[in-house]
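The values are calculated or read from the model by the stated rules, or taken from the named source; none is laboratory data. For clarity, every value in this text was computed on a predicted model and none was experimentally measured. Cβ sites come from the backbone with ideal geometry, for glycine too, and all protein chains shown count toward neighbours. Just so you know, the surface numbers come from the protein's heavy atoms only, side chains and all, with ligands and any DNA or RNA stripped out. Shrake-Rupley method; radii C 1.70, N 1.55, O 1.52, S 1.80 Å.
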Amino acid sequence: MIELKQISKKYTEHTTVLNNIDLTIKKGEYIAIMGPSGAGKTTLMNIIGCIDSCTGGKYILDGNDVSSYNDKEKARLRNEKFGFVVQDFGLISSMSVFQNIQIPLLYRKNKKGNQKEKIEEILKKLKLLDKINDNVNNLSGGQRQRVAIGRALVNSPDVILADKPTGALDQATGKEVMDIFTELNNEGKTVIIVTHDEQVAKCCNKIIHVVDGKVKAM
Amino acid sequence: MTYLKNLIRLIKKRKCQYMLFFLQMIVVFLMIQYTLNLLVDDRLFHQKLNSLNQNKISTYFATQDNDSNEMPECSFGEYAEFKKEINKECNNTAFSFSVSDLLLKTNEIPKRFLEFEESHNRYYQVTYISENFLKFYRLKVEQGREFSRENYNETSKKYISVILGSAFQKYFQVGNVIDKQYKIVGILEKKSSYLDIQLNSKIVSLDKQIILPMIYQAKEWGGCYVNHLMFSTEDKSSVDRIKRIIEKYDFKDYNIQKAETQINILKNDFYTELSFMIVLFFTCFSLCLFSIISMLLHLIEEQKTEFGIYMLCGATKMDMCFTIAVPIVVLSIIASFPSMVLCNSIFGCVLQIICMLLIITIILAFPLQYWLKKSISELKKERK
């Protein structure tokens, strides 16, 4: 469970992006975060995903106060608890599909288990097994986003954080990607998506509006 | 293993930049090696200069006029008399030396000791010395003994006594006889050398030299003693008397000069060369460092998207620091090998290693600081 208590984020004395946000996200929720540009949606997601630190308040993750965690501890959380999917896919162009998905496994604390088998299992689920050794540059947008989802899933995280995952895709491909997220949520994963797209938000169970650094759930 | 593969992939992807870095580091380390050698030479040079000022007694040397090509004529008998008269005037401090070559037939000496070869005859460099030479330059024999008084003054013995430089000790021992003629009585300490302030003002190493008593050269050419004559005295009138002795033996165009003046000229020349080389070194070194650090910063900028993705997947900033630093450290160590090979002492190698670690620290400090200031959220933004 994710609990944000009075979370604030200031970049300078005069620039407050998030202002005393209280938010609780239960396990298995399917949430869309919406709001105008500059509202603080990505900053909120960065704080949830331990990419950024809050300047005030407490962040409780599964009962642990992670607000004061150091870089190493946050990196471990990013590796084990969260899976990230970003708008421009976030893939390394010189690597193959297999190598891109393998990245989180390189930094996993517990390196037991067969990496190849795990990756093949995920690619089978995402219908990309035949592309396993292809360079990611040779894939379509939809396929690349599926590779990104595969990478996000490889360490079996509890929470998937997606920042405008369909932003670079056409409608049909975007729907395919959203279907994958829905399926993941049905399997019990918490899925949090930042989006401007109403159609994407409609797929989710809960919509959180962020306006001027404050949150309003609907 | 996968981590190593990723590292290799990163290097391959930017092989031109890393190759340029590698070549620059080779140049930097060779420059450091050269400068360290100069500084070691400086230390040696000072030691030798100090030996010339021992006991604060003034040292003088005989020098022939620059435009004179006359070899001083002198018979063997006159050589002995001349030597005796000179030493009487300067309290037996006079000495001399002469560099020549010696024909040897033995096959036991490796080619690297060869001075030259002519018509299948092998010639090796020999230094003829008189009494006081070893004492004056504070040269010591590590094995065996120095020449005795008899060795310096008599030639009637069955064997000619020789002292060898330390490089010979792999091949000969004290007591061995070379060419059935030359008996080894001593082997000098390692790194024995002297400063020839007259001719070329260089430190002359004796490690590969064969040393004989001057009397064997005097048999052919008695005037050899005056050619590199040096003596010490505080009595200026004895200098005048020595000049008159030289004139008496009709050694034309020889003057007596105080070593101090020459030493000061040598010092100035040496320091001018040293200063110039050090300035040149620092200029080249600074330019190389600037270029290397700029290249590293550029590499980090190029790779920051990739690093951002790694950090999103659970890598820490320190992991990325290792990814930046490891190729640099490995390539630097490999680049230092040519200069290590040129090191001729353990001390030099240790200094070289310390310099290498210092340089690696300097070149990594600024780029890593730059990298550590970046946050993942910044990297995410910059990707867009």
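Looking at the P(r) of the stretch A:95-156, how many percent of alpha-carbon pairs lie beyond 13 Å? Within the stretch A:95-156, distances greater than 13 Å cover 55 percent of Cα pairs.
Structural size metrics of the stretch B:149-306, computed from C-alpha coordinates, are Rg and Dmax of 26.2, 89 Å. An oblate overall shape is assigned to the stretch B:208-259, the ratio a/c of its alpha-carbon gyration tensor axes (a ≥ b ≥ c) being 1.5 or greater and a/b not exceeding b/c. Based on the Cβ-Cβ distance of B:K13 and A:M1, what FRET efficiency does E = 1/(1 + (r/R0)^6) give at R0 = 51 Å, to the nearest 0.05? Working from the Cβ atoms, E equals 0.75. Charged neighbours of A:H209, selected by a Cβ distance under 10 Å, balance to +3 (K, R count +1; D, E count -1).
Could you work out [θ]222 nm for chain B from helices alone, using -39500 (n - 2.57) per DSSP H run of at least four and dividing by all its residues? Round to the nearest 500 deg cm²/dmol. Working shown, then result.
On the way: 13 runs with 207 residues, N = 384.
That comes out to -18000 deg cm²/dmol.
Largest GNM mean-square fluctuation among B:I346, B:I109, B:I263, using chain B with Cα springs under 10 Å: B:I346. Any idea what the relative contact order of chain B is, in percent, if you count C-alpha pairs under 8 Å spaced at least 6 apart? Averaging sequence separation for qualifying contacts and normalising by length gives 25 percent for chain B.
Principal axis analysis of the Cα atoms in the stretch B:141-233 yields extents of 36, 32, 24 Å, listed in decreasing size.
An oblate overall shape is assigned to the stretch A:36-114, the ratio a/c of its alpha-carbon gyration tensor axes (a ≥ b ≥ c) being 1.5 or greater and a/b not exceeding b/c. Pairs with C-alpha atoms separated by more than 28 Å, drawn from the list B:K158/B:K252; B:K183/B:K243; A:K58/A:K206; A:K131/A:K164, are B:K158/B:K252; B:K183/B:K243. Sorting B:H120, A:H196, A:H209 on solvent-accessible area from highest to lowest, probe radius 1.4 Å, gives B:H120, A:H196, A:H209. The calculated P(r) of the protein assembly as shown, using every Cα pair and 10 Å bins from 0, goes 3, 13, 17, 14, 9, 8, 7, 8, 9, 7, 4, 1, 0 in percent.
The listed peptides B:264-274, A:142-152, ordered by packing as a protection proxy, come out as A:142-152, B:264-274 (highest mean of other Cβ atoms within 10 Å first). Residue by residue along B:304-312, Cβ atoms of other protein chains within 10 Å of the local Cβ number 6 on average. Heavy-atom accessible area, probed at 1.4 angstrom with all protein chains present, ranks B:M71, B:M356 as B:M71, B:M356, highest first. Principal-axis analysis of the Cα atoms of chain B puts helix B:346-372 at an angle of about 20° to the longest axis. The mean number of Cβ atoms from other chains found within 10 Å of a Cβ in peptide A:69-76 is 4, as a whole number. Please give the helix B:76-89 orientation as an angle from the longest Cα principal axis of chain B, in degrees from 0 to 90, rounded to the nearest 10. Value to nearest ten degrees: 80.
Counting, for every residue in A:84-95, the Cβ atoms of other protein chains within 10 Å of its Cβ and taking the mean gives 4.
Within the full protein context, the accessible area of B:D65 is estimated at about 60 Å² for a probe radius of 1.4 Å. Each Lys or Arg adds one and each Asp or Glu takes one away; over the other residues whose Cβ falls under 13 Å from the Cβ of B:K191, this sums to +2. With springs connecting C-alpha atoms under 10 Å apart, model chain B as a Gaussian network and identify which of B:I215, B:I163, B:I363 has the largest mean-square fluctuation. Sorting by GNM fluctuation, first place goes to B:I363. Per the Debye formula with a single identical scatterer at each Cα and no solvent contribution, what log10 I(q)/I(0) holds for chain B at q = 0.08, 0.09, 0.10, 0.15 Å⁻¹? Reported log10 I(q)/I(0), two decimals: -0.61, -0.69, -0.78, -1.28.
Could you tally the net charge around B:K15, taking each other residue with its Cβ under 14 Å from the Cβ of B:K15, Lys/Arg +1 and Asp/Glu -1? Present the calculation step by step, with values, prior to reporting the outcome.
Working: positive: B:R9, B:K12, B:K13, B:R14; negative: B:E302.
Neighbour charge sum, excluding B:K15 itself: +3.
Computed from Cα atoms, the angle from the helix A:141-153 axis to the main principal axis of chain A rounds to 70 degrees.
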